[in-house]
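Trainee: One structure follows; several queries about it will come next.
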Amino acid sequence: MLLNVKNVRKQYQRDKVFVAVDNVSFSLVHQDFACIMGRSGSGKTTLLNMIAGIITPTQGRVIIDNTDISVLADKQVSQFRNQTIGYVPQGNSLLTSLNAIENICLPYIFYDKGNQNLTDKENLMERAEQLMQQVGISYLSQLYPKQMSGGEMRRVAIVRSLICAPKLLLADEPTNDLDQESAEQIMQLLATINLEGTAILMVTHDLDVANYAKHQYKMEAGKLHLLS
Ligand SMILES: Nc1ncnc2c1ncn2[C@@H]1O[C@H](COP(=O)(O)OP(=O)(O)OP(=O)(O)O)[C@@H](O)[C@H]1O
Ligand SMILES: [Mg+2]
């Protein structure tokens, strides 16, 4: 098993206690492809952020590749995330002061290079260029986010999420705001990444996009239900 989410809950203290994610359990095997649908505010991003170790569950456990990230210290979580998880966050997440290839290489700069053979800068640039070529965005290499379309930025963010060769890719509405053709291109890219061995957990509002996944879940007021 690659990902095991066990009775995870996240509550926020607003005027009163607000439960954003309510006792969620599910799992993914290696090379799985699942999607989560659900209304705005139902807790999808909160769940993804707990799986990525960006926020800590109020209760429950997140076990990834036999590591319980809920018990790790901050620094260890970041290191683990960098080695294991690729994250395409909701919305535009590129740093505006960096060009495409710099954005793409950034996670690697913080990567624990201990057990990997991606060792030097030359290898890194080569890998970044190779990934950009695979995704058909070599022409964007030197451009800055403000010079790119929404779909182009999204593809750069996807390549950035792959630079450390993750086992699990989290993609939060990767096709949001894109026209149908660009959305299909992104989904074909994710399908290929999945075929090549990366498990994917994706959030989407789009039924056509959801059909690319092997399993569909729905989130409703913090609770997760399996649809198919
Ligand atoms: N830091 C926080 N403090 C208080 N409430 C929060 C916080 N973060 C999220 N929430 C609330 O938790 C709920 C779930 O938010 P979340 O971002 O997970 O929704 P979502 O399903 O991703 O929505 P969308 O489809 O709009 O992206 C929302 O009601 C939101 O206001
Ligand atoms: Mg969200």
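The values are calculated or read from the model by the stated rules, or taken from the named source; none is laboratory data. Just so it is clear, the model here is predicted, and its values are computed rather than measured. Note that each Cβ is placed from the backbone with ideal geometry, even for glycine, and that neighbours are counted across all protein chains shown. SASA here: full protein model, heavy atoms, side chains in, ligands and nucleic acids out. Shrake-Rupley method; radii C 1.70, N 1.55, O 1.52, S 1.80 Å.
Trainee: Nearest 10 degrees is fine. How inclined is helix 180-195 to the longest principal axis of the chain, computing both from alpha carbons?
Mentor: Roughly 80 degrees between the two axes.
Trainee: Additional query: Give a residue-ordered list of calculated ³J(HN,Hα) values for the range 80-97 (Karplus: 6.51 cos²θ - 1.76 cosθ + 1.60, θ = phi - 60°; whole Hz; x for Gly, Pro).
Mentor: Going residue by residue, I get 5, 4, 4, 7, 10, 10, x, 10, 9, x, 5, x, 8, 10, 6, 7, 5, 8 Hz, with x marking Gly and Pro.
Trainee: Which ³J(HN,Hα) values, rounded to whole Hz and listed in residue order, are derived for the range 197-203 from phi using the Karplus coefficients 6.51, -1.76 and 1.60 in 6.51 cos²θ - 1.76 cosθ + 1.60 with θ = phi - 60°, glycine and proline given as x?
Mentor: Residue by residue, the range 197-203 yields x, 8, 6, 10, 10, 10, 9 Hz.
Trainee: Taking 25 °C and 0.890 mPa s as the conditions, I'd like the Stokes-Einstein D for the range 8-118 in µm²/s, using the Kirkwood hydrodynamic radius from alpha carbon pairs.
Mentor: Numbers: Rh = 16.0 Å.
Translational diffusion coefficient: 153 µm²/s.
Trainee: Work from the charge dipole of the chain (Cβ charges, +1 for Lys and Arg, -1 for Asp and Glu, about the Cα centre) and give the residue of LEU207, GLN76, GLN90 farthest towards its positive end.
Mentor: Comparing the listed Cα positions along the dipole, GLN76 ranks first.
Trainee: What accessible surface, in Å², does a 1.4 Å probe find on LYS167, ignoring ligands, DNA and RNA and rounding to the nearest 10?
Mentor: 90 Å²
Trainee: First compute the accessible area of the chain with a 1.4 Å probe, then give the percent of it belonging to carbon and sulfur atoms.
Mentor: Numbers: 5370 of 11450 Å².
Taking all protein chains in place, the chain shows 47 percent carbon and sulfur surface.
Trainee: Debye sum, Cα scatterers, the chain, no solvent: what log₁₀ I/I(0) at q = 0.18 1/Å?
Mentor: -1.40
Trainee: Checking the table LYS75/LYS218; LYS6/LYS214; LYS44/LYS121 against a 25 Å threshold on Cα-Cα, which pairs fail?
Mentor: Details: LYS75/LYS218 32 Å; LYS6/LYS214 21 Å; LYS44/LYS121 36 Å.
Over 25 Å Cα-Cα: LYS75/LYS218; LYS44/LYS121.
Trainee: Any idea what log10 I(q)/I(0) is at q = 0.13, 0.16, 0.17 Å⁻¹ for the range 107-228, Debye with uniform C-alpha scatterers and no solvent?
Mentor: Reported log10 I(q)/I(0), two decimals: -0.59, -0.85, -0.94.
Trainee: Separate question: Taking a probe of 1.4 Å, how large is the accessible area per residue of the range 3-226, in Å²? Spell out each step's value before the answer.
Mentor: Numbers: 11150 Å² over 224 residues.
I get 50 Å² per residue for this part.
Trainee: Using each residue's phi in the range 132-147, evaluate 6.51 cos²θ - 1.76 cosθ + 1.60 at θ = phi - 60° and report the 3J(HN,Hα) Karplus result to the nearest Hz, with x for Gly and Pro.
Mentor: With the stated coefficients, the range 132-147 comes to 4, 5, 4, 8, x, 10, 4, 5, 8, 2, 9, 7, 9, x, 5, 9 Hz.
Trainee: Next question, about the same structure. Grab the DSSP H runs of the chain that are 4 residues or longer, score each as -39,500 (n - 2.57), total them, divide by all residues and round the 222 nm result to the nearest 500 deg cm²/dmol. Working shown, then result.
Mentor: Numbers: 7 runs with 77 residues, N = 228.
That calculation yields -10000 deg cm²/dmol at 222 nm.
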